[in-house]
Amino acid sequence: MSLTRRQVTTAALAAVPLSFAATGTASAGSRRPRTIYIAGDSTAAQKYADAAPETGWGMALPFFLHKDRPVSNHAVNGRSSKSFVDEGRLDVVLGAIRPGDFLLIQFAHNDEKVADPTRYTEPWTTYQDCLRLYIDGARARGARPVLATSVERRKFDTAGNAVPTHGDYPASMRALAEEERVALLDIQALSLALWQKLGVEETKTYFNWTATEQDNTHFNPPGAIAVARLVAQELLRTRVLRPQDVRRLDQEIPTSWITWPEATA
């Protein structure tokens, strides 16, 4: 993948319908539902029956949104901001996204894998270069990009303090969001504070801890619901969505609402 400062050409920007450019997102929203596309990794991804009870937060996000804000979850296990692009997955999203839609972008977990050149990005250079591909691609199609710092893993020090695990990636994304004037959902900071509040033992009930597995990265239904709530609250706080777009922010969501479909061939 060739990583340049700008991948979107003037011609591509000119391809945005003039009617949308003139009237803004409100007119697009009045004609049809405005979809929230998710580009991300396994923490957000759709899980299937063979992975239950593992649950991506993207599976729970619709519980907090009204039906005219549908979610199209393209997050996939094991992907970084780089590999998602190299595999053509961003092209798929950009081929479907329409003016007035949203592209919610969360990567870092796999960008950190230094030993894997197919996924690794350096926080202050190639990571930002990759993220710009998503930002520019969404904007070129009249959609709104939204950056989300990666949800934190479950890690505590010996004193019981929740410990950040993502190095410079959250700071890099925050800086890029400011530079590009993109809305930022600071899920890393919020999830770290939530894990600190819950503590060492209670957080185990939010992650995919089973009789045979102790997974401190991926969520079970309560954890996915909790993180999706943070995402929805941040979408409201940053005014990406309006109060009438969200629901149930202060309500308990039954874990029985989470379902795992059978994987298709």
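The values are calculated or read from the model by the stated rules, or taken from the named source; none is laboratory data. Computed from a prediction, not measured in an experiment: that's the story for all the values here. All Cβ positions, even for glycine, are placed from backbone atoms using ideal geometry, and neighbour counts span all protein chains on display. For the accessible areas, the whole protein counts, side chains as well, though only heavy atoms, and no ligand, DNA or RNA atoms are used. Shrake-Rupley method; radii C 1.70, N 1.55, O 1.52, S 1.80 Å.
Using alpha carbons only, how many angstrom separate the centre of segment 203-265 from the centre of segment 54-117?
15
Could you report segment 92-205's accessible area per residue, 1.4 Å probe, as an integer in Å²?
For segment 92-205, the solvent-accessible area averages 39 Å² per residue.
Give me the lysines in straight-line cross-link reach of LYS47: C-alpha distance below 24 Å, same-chain residues under 8 apart excluded.
Filter leaves LYS67, LYS82, LYS113, LYS155, LYS204.
Note down, for the chain, the three equivalent ellipsoid semi-axes (square root of 5 times each alpha carbon gyration tensor eigenvalue), biggest first, whole angstrom.
In descending order the semi-axes read 29, 22, 17 Å.
How many times 2.2 N^0.38 Å is the alpha carbon radius of gyration of segment 47-131?
Working: Rg = 14.5 Å, N = 85, 2.2 N^0.38 = 11.9 Å.
Rounded to two decimals, the normalised Rg is 1.22.
Counting only helical runs of four or more DSSP H residues, what would the 222 nm mean residue ellipticity of the chain come to if each run contributes -39,500 (n - 2.57) and the total is spread over all its residues?
The per-residue figure over the chain is -10500 deg cm²/dmol.
Suppose we keep just the alpha-carbon trace of segment 146-187; what are its Rg and Dmax in angstrom?
Rg, Dmax (Cα atoms, Å): 12.4, 39.
What is the dipole size for the chain, taken about its Cα centre, with +1 at each Lys and Arg Cβ and -1 at each Asp and Glu Cβ, in debye to the nearest 20?
Rounded to the nearest 20 debye, it is 1100 debye.
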